[in-house]
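Encoded as structure tokens, the structure appears first; notes follow it.
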Amino acid sequence: MELEILHAIQGLRREWLDPLMIFLSALGNHGLFWILLSIVLAIPKRTRCCGFTMMGAMALSFLLGNVLLKNLIARPRPFTVDTSVILLVPRPGEYSFPSGHTLNGFTAASVLFLYFKRTGIAALLLAGAIAFSRMYLFVHYPTDILGGLLLGVADAVIVYFIVRKGKEYHEKKTAL
């Protein structure tokens, strides 16, 4: 069924759309965009907590998603199962589940949403576009995307609440 969904998405491929999807996918490579965003956010005092929370959540996502789950599940990528689709990007070497691009994007965007709703919505839309590009480019299954999305949101929420509780504890301690 997942290959059917991917083939339906392949029906959307257009010459004018290909460069956009390649760009969106490249934006998510190695989580670099999101890592740089977290560093930029960590500089001004007003957004510092968000930036450091984003860094912590992305570190958790990297450990759980890229180090643990990808190697534990060891799911082959769609292009290894169906070799008839011509790839527009170089063949990724690591396993498919969960999608690291999606995981990084939704982790960072969810943290941003928890701190700054309006900006977070824009970041979530960008994370969604990057995630879609991974299916468009035939390098991830829909469940890879779903897994990355769910794990990313969960990691963001967990780290956000840990940071929040830590700040509350620190404020109580310093108030005494």
Practice item. Enumerate the whole-percent occupancy of each 10 Å bin, from 0 to the last occupied one, for all C-alpha pair distances of the stretch 2-175. Key: 11, 37, 31, 15, 5, 2, 0
Exercise for review: Give me the distance in nm between label points sitting 7 Å out from Cα along the Cα-to-Cβ direction at residue 46 and residue 22, one decimal.
Suggested key: 3.9
**Study point:** Structure-based [θ]222 nm, the chain - -39500 (n - 2.57) summed over DSSP H runs of at least 4, per residue, nearest 500
**Key:** -22000 deg cm²/dmol
**Study point:** Estimated dipole of the stretch 18-103 in Debye, rounded to 20 [Cβ of Lys and Arg +1, of Asp and Glu -1, Cα centre]
**Key:** 360
Check your understanding: How high is the relative contact order of the chain, in percent, counting Cα pairs under 8 Å that sit 6 or more residues apart?
Key -> 29
**Study point:** residue 97 long-range amide H proximity, modeled H, under 5 Å
**Key:** 75
Check your understanding: What does the charge dipole of the chain about its Cα centre add up to, to the nearest 20 debye, if the Cβ of each Lys and Arg holds +1 and the Cβ of each Asp and Glu holds -1?
Key -> 880
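A short reminder: the numbers here are calculations on the coordinates, not readings from a lab. Everything quoted here is computed from the prediction, not taken from an experiment. Virtual Cβ from ideal backbone geometry, glycine too; neighbours counted across all protein chains shown.
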